[in-house]
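Everything on this sheet refers to the single structure shown next.
Quick note: the coordinates plus some simple rules give every number you see, no bench work behind them. A quick note: this is a predicted structure, and the numbers were derived from the prediction, not measured. Cβ placement follows ideal geometry from the backbone for every residue including glycine, while neighbour counts extend to all protein chains displayed.
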Amino acid sequence: MNGSGTQLGVRRSTPWLFLAPYLVLFITFVAIPVVYGLWMSLHNWDQFLPEKPWVGLENYTQLFTPGSAKSAPFWSAMKATAIFTLFSVPLLVIIPLGIALLLNRRFPGRSFFRAVYFAPYVLGVAVVGILFRFMLDPNIGAFNYLLSKLGFAGDTPWTTALPWAWISLVGMTVWWTMGFNAVIYLAGLQDIDRQLYDAAEVDGASRWQRLRHVTVPGLRSVIVFVITVTLLASANMFGQAYLTTQGAPAEKTRTAIMFIAEEGFQDFHLGSAAAMSYVLALFLMALSAGVFFFFRDREEAR
Amino acid sequence: MEAATAGRVPGRRAGRRTSRETLRWIALILLTLLYVAPIVWMLLTAFKTEEESALTPPTLLPTEWSREALDTIFSTSSQTPVIRWFFNSMIAALGNGLLVLLTAAPAAYALARMEFRGKRLVFAGIVATLFVPPIIFLAPNYEIVEALGWLDTLPAVIFPLAASAFGVFFLRQFFIGLPKELEEAAILDGASRFQVFTRIVLPLARPALATLFTLTFLTNWNDFLWPLYVLFNPEHLTLSPGLGLLQGANATNYALLMAGGLVASIPVLIVFTFAQRYIIEGVSRSGIKG
């Protein structure tokens, strides 16, 4: 039995039979669309036109032509996505780590708290969106009422003016998704060898030093994972803005995804929407590659 | 274990430890309030009348537990048939979860345990799509679903979402972690790969399958962008786009909106309550650290 024995009983076709059902779905809805979307983006692909004429790179060049009808709103939407990502990602990387540390110890009720903090994540953006729309309503919402009770004016336009709309969108997203990141961190924390902490304590390391030199290095791959996943999720933000601020004020919180969806399904310019998707995707892939290499380069030889 | 550690601590540090414990509990309880309050607020508002839900200052409890909003929601003649959306969502999420298990599990097993030409390429191809931003698929999949004749039907929200790279990746990690000996013994005894898979591997993988099913169910139930644009007829919607429509039609009837939100939340909260262990423990077992 030298080796693994994995070859036993494998006919050449067997693996492919196991893979086939998945591959049918994968090819139809993942592999083909990646190429087909590119093809669409090179056409004037209006759903209701009988002809879908080839336009080459026009759908792309219009985005990079200042003054064209599409470029200003597209980049404004990209900027909205960037602002949201910039503020939500750090909060969603750091706060959940704090929560995970709070829960990373045996005490009565631990799994209860863990479940409560995770719970909003299962709610879905549609529920969270209308719930916050209600609570953040400038006139009758619970937030402004509570603020007025605390002695503030209580007339903050949470969903209709800046910077409040951003604070609302970031805040509700943190509320909604931080339990998910916390659970990932918690799993990572439990994989860290307890002896490392004991050794650090024997060496007289303070709590902060233990966090800095044991916890964070031990969580490195988990942190990279959390950052990447959160970056992509934030950059894909759609539902919160669609339901809660509805792009207000003056489309300032209309995110890239919102604009692409409007372009494709309200204006029926699927070709141009596909082109925008690729531009956005290139940004996102560059960003996640950046995160990957940034952390890889800093990894000590282990 | 904790008690033993605490026992070794000299008196002064024990005092600091106690105050830290107090702080921990204050933080835990404040966070709990932060998390529970909005959900309770939704629940309470769903039982208020439209007028009461818009009062300033708001009432905490409904002065009279009203069925107005829920009656509107469950009325079958409604322009916004929430109850129908509920069943549509149920069919879509269950179907999608099942389809993911049926397709991802055998694929993951082949990738975990079999050697064959092209394996690395297939796996790399699948994993690579984990990093492709999903927005890429919006326009082309719309066209593909249309070509299949699935626009405005439930298959549109069942099949495309089932091509889950995550599922394959997740289960492959789990299968790799299983001890090989049982499988090898069964193969020596003359079992086919398929028998090994269905009789040994799948039963052992039950927790991972439950986790994947639950996560898939939740993702599908909550998906918003895709169903918003591939389902149009109010009768054919699922709950997420339905709530969008409900908000569009009744922007300020918050009692009604919260009742809709409640109907959309209860199933997932129930699923979560019972499958909590699978969701949370499952993530730790299978490790994202691939």
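For the range B:155-210, the Cβ-based charge dipole about the Cα centre amounts to some 180 debye (Lys, Arg positive; Asp, Glu negative; other atoms uncharged). Each residue of the range A:212-217 is assigned a 3J(HN,Hα), and the resulting list reads 6, 9, 10, 5, 5, x Hz, derived from the Karplus form 6.51 cos²θ - 1.76 cosθ + 1.60 (θ = phi - 60°), x at Gly and Pro. Once the GluC sites (Glu not before Pro) in DSSP loops with at most 10 neighbouring Cβ atoms within 10 Å are cut out of chain A, the longest remaining piece is A:52-299. For chain B, leaving out every one of the trypsin sites (Lys or Arg not before Pro) that falls in a DSSP loop and has at most 16 other Cβ atoms within 10 Å, the longest unbroken run is B:181-288. Determine which lysines satisfy two conditions relative to B:LYS180: a Cα distance under 30 Å, and not lying fewer than 8 residues away in the same chain. Filter leaves B:LYS119, B:LYS289. Count Lys and Arg as plus one, Asp and Glu as minus one, and take only other residues whose Cβ is under 12 Å from that of B:VAL82; the net charge is then -1. Whole-Hz Karplus values for the range A:195-210 come out as 4, 4, 5, 4, 4, 5, 5, 4, 6, x, 6, 6, 4, 5, 5, 5 Hz, taken residue by residue from phi with 6.51 cos²θ - 1.76 cosθ + 1.60 and θ = phi - 60°; glycine and proline positions read x. Compactness of chain B, taken as the C-alpha radius of gyration over 2.2 N^0.38 Å, stands at 1.29. Listed by chain and number, the aspartates and glutamates whose alpha-carbon sits under 19 Å from that of A:LYS79, ignoring those within fewer than 8 places in the same chain, are A:GLU251, A:GLU262, A:GLU263.
Inter-chain Cβ neighbour count for A:61-74, averaged per residue, equals 0 (cutoff 10 Å, partner chain atoms only). Ranked by the mean number of other Cβ atoms within 10 Å of their residues, highest first, the peptides B:39-46, A:116-123 come out as A:116-123, B:39-46.
With coordinates expressed along the principal axes, the C-alpha atoms belonging to chain A extend over 75, 73, 34 Å, beginning with the largest. Across the protein assembly as shown, the convex hull enclosing all Cα atoms gives 191 Å³ per residue.
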